[in-house]
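Input: one structure, supplied below.
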Amino acid sequence: MTQQPSSGSGAEATSSTRPGTESQTGAAAETAQPVPGVQPGEVIGVRPGEFAGRTMVLSGGSRGIGLAIALGWARGGGNVVFLSKTDAPDPRLPGTVHTAQAAIRAAGGKAVGVVGDLRRDDDVERLVDTAVREFGGIEVCVNNASVLNLAGTADLSLKRYDLMQDVNARGTFALTKACLPALTESGRGHVITLSPPLNLDPRWLAPHTAYALAKYGMTLLTLGFAQDFRDRGIAADCLWPATTIKTAAVGNLLGGEELMRASRDPAIVADAVLTLLRSGSDAGPGSGRDGSPGADTAGNEATVEASGTGRTLLDEDVLAEAGIDDLTPYGGEGPFQRDFFLD
């Protein structure tokens, strides 16, 4: 199974949009909606100020896993600039760019929501320009936005095929490329893509070949980034849930209430992302552009080697490595169902 589009930023998951604007700050738009369940960063003990002075750019952030990642980063005082198509409420989906921005700020971070489409180059550039203008740079790029369509080859229209490839694979390339100068300048950049390990078992290819191509494309790009950016001091890793995640995509498209009850909270993926961002070249609260000593760009390649890069990881494994073995706070009624592309 899968969690995508976890943030609702894929074009199939949104309706009302107003590309070309940043989130407005009117009272109605700025009402933070309560986030149910365990809070991102709570289980792993994220400390106030832990991510202060560091900026994350995120594709998708209005709901689901994208919002959970942003909330966990904000819990540590980090800055978040995210792209979302959902400008006005959609009866099929929870949250908008405005409610997400308010929730992130309420969690302790600084946030700017940018209304736009990942398929539009101008919107991607505007997202990155906003982050650099508002916060001085970018340390983290998270490729979260994705489109889910499980139709087989005979039933999938070329329009839907193009949509999946444009958002998933091309969107990953476009956002990472746009962030590259700022990531390089930071001296400790990290790209994290929500995509699966490469599993070429035919049972994961035949039922939904186009979707497999779109998600594996995200993985292949990120593995390539890891090698391509090594001498820039930029790490690049893929992360994927070990089980289904309680998101709108799971509830609306895959298994309804029954599968939602058997799925974990998005906070587990967020906590795995935050754990990766705590380690290696990203380690240490308060280092960087907040006025305290930043990372020396000399020896970046050795630093990236030490911290790890070019990995395809599962959320459970990342947390276990960090000493988090009890996953019951993330909810769900077992037995859990493994996510797509996992044996």
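The values are calculated or read from the model by the stated rules, or taken from the named source; none is laboratory data. Small disclaimer: the values here were computed from a predicted structure and weren't measured. For neighbour counting, all protein chains shown are included, and Cβ atoms are generated from backbone atoms with ideal geometry for every residue, glycine included.
Pairs please, first residue from the range 268-282 and more than 14 Å from Gly76 (Cβ to Cβ) and buried (at least 23 other Cβ atoms within 10 Å of the Cβ), second anywhere and at pLDDT 95 or above and charged (D, E, K, R), Cβ atoms under 6 Å, 6+ apart in sequence or on different chains.
Final answer for the pair search is Ile268/Asp315; Val269/Asp315; Ala272/Asp315.
If you take the residues of the range 140-183 that are β-branched (Val, Ile, Thr) and under 20 Å from the mean Cα position of the chain (by Cα), which of them is nearest to Arg120 (Cα to Cα)?
Applying the filter and picking the extreme gives Val167.
Here's something else I'd like to know. Against the condition crowded, with 24+ Cβ neighbours inside 10 Å, in contact with a helix residue (DSSP H, G or I) (Cβ under 9 Å, 6 or more places away or on another chain) and outside any helix (DSSP H, G or I), how does Cys179 come out, does it pass?
no
Looking at Ala226, Ala236, can you tell me which residue is small (Gly, Ala, Ser), more than 21 Å from Ala70 (Cβ to Cβ) and under 20 Å from the mean Cα position of the chain (by Cα)?
Testing whether each residue is small (Gly, Ala, Ser), more than 21 Å from Ala70 (Cβ to Cβ) and under 20 Å from the mean Cα position of the chain (by Cα) leaves just Ala226.
In the set Ala298, Ala306, which member is at pLDDT below 95, farther than 29 Å from Leu259 by Cα and part of a loop (DSSP other than H, G, I, E, B)?
Ala298
While we're on this one: If I ask for residues that are farther than 20 Å from Ser263 by Cα, β-branched (Val, Ile, Thr) and in a loop (DSSP other than H, G, I, E, B), which ones from the range 43-71 would you list?
The answer is Val46, and nothing else.
Now, a different point. Can you tell me which residues in the range 231-286 are at pLDDT below 95, hydrophobic (A, V, I, L, M, F, W, C) and outside any helix (DSSP H, G or I)?
Correct list: Ile245, Ala262, Ala283.
A follow-up question, please. Return the pairs, sorted by first residue and then second, in which the second residue is outside any strand (DSSP E or B) and of a type in the set (Lys, Arg), the first residue lies in the range 185-205 and is on the phi < 0 side of the Ramachandran plot and buried (at least 22 other Cβ atoms within 10 Å of the Cβ), the beta carbons are less than 8 Å apart, and the residues are 6+ apart or on different chains.
Close Cβ pairs (under 8 Å, with a partner that is outside any strand (DSSP E or B) and of a type in the set (Lys, Arg)) amount to Ser186/Arg289; Gly189/Arg232; Ser195/Lys215; Pro196/Lys215.
I've got another one for you. Scan Val124, Val142 and give me the residue that is at pLDDT 95 or above, touching a helix residue (DSSP H, G or I) at 6+ places or on another chain (Cβ under 8 Å) and part of a strand (DSSP E or B).
Val142
Of the conditions (1) in a helix (DSSP H, G or I); (2) among the polar types (S, T, N, Q); (3) within 23 Å of Arg170 (Cβ to Cβ), Gln101 fails just one. Which one is it?
All conditions pass for Gln101, except number (3).
Would you pick out the residues in the range 148-159 that are out of contact with any Pro (no Cβ under 8 Å at 6 or more places or on another chain) and either free of Cβ contacts under 8 Å to residues at least 60 places away in the same chain or of a type in the set (A, V, I, L, M, F, W, C) (or both)?
Ala151, Thr153, Ala154, Asp155, Leu156, Ser157, Leu158, Lys159
For the range 205-230, which residues satisfy the criterion of being under 19 Å from Gly152 (Cβ atoms), in a helix (DSSP H, G or I) and not aromatic (Phe, Trp, Tyr)?
Thr209, Ala210, Ala212, Leu213, Ala214, Lys215, Gly217 - these are the residues of the range 205-230 that are under 19 Å from Gly152 (Cβ atoms), in a helix (DSSP H, G or I) and not aromatic (Phe, Trp, Tyr).
Here's something else I'd like to know. Starting from residues that are surrounded by 19 or more Cβ atoms within 10 Å (Cβ to Cβ) and at pLDDT below 75, keep the ones in the range 21-52 and report whichever is nearest to the chain's Cα centre (by Cα).
If we take residues in the range 21-52 being surrounded by 19 or more Cβ atoms within 10 Å (Cβ to Cβ) and at pLDDT below 75, then Val35 is nearest to the chain's Cα centre (by Cα).
Related question: Within the range 312-343, restricting attention to residues that are in a loop (DSSP other than H, G, I, E, B) and without any contact (Cβ under 8 Å) to a residue 60 or more places away in the chain, which residue is farthest from Ser279 (Cα to Cα)?
My answer is Asp326.
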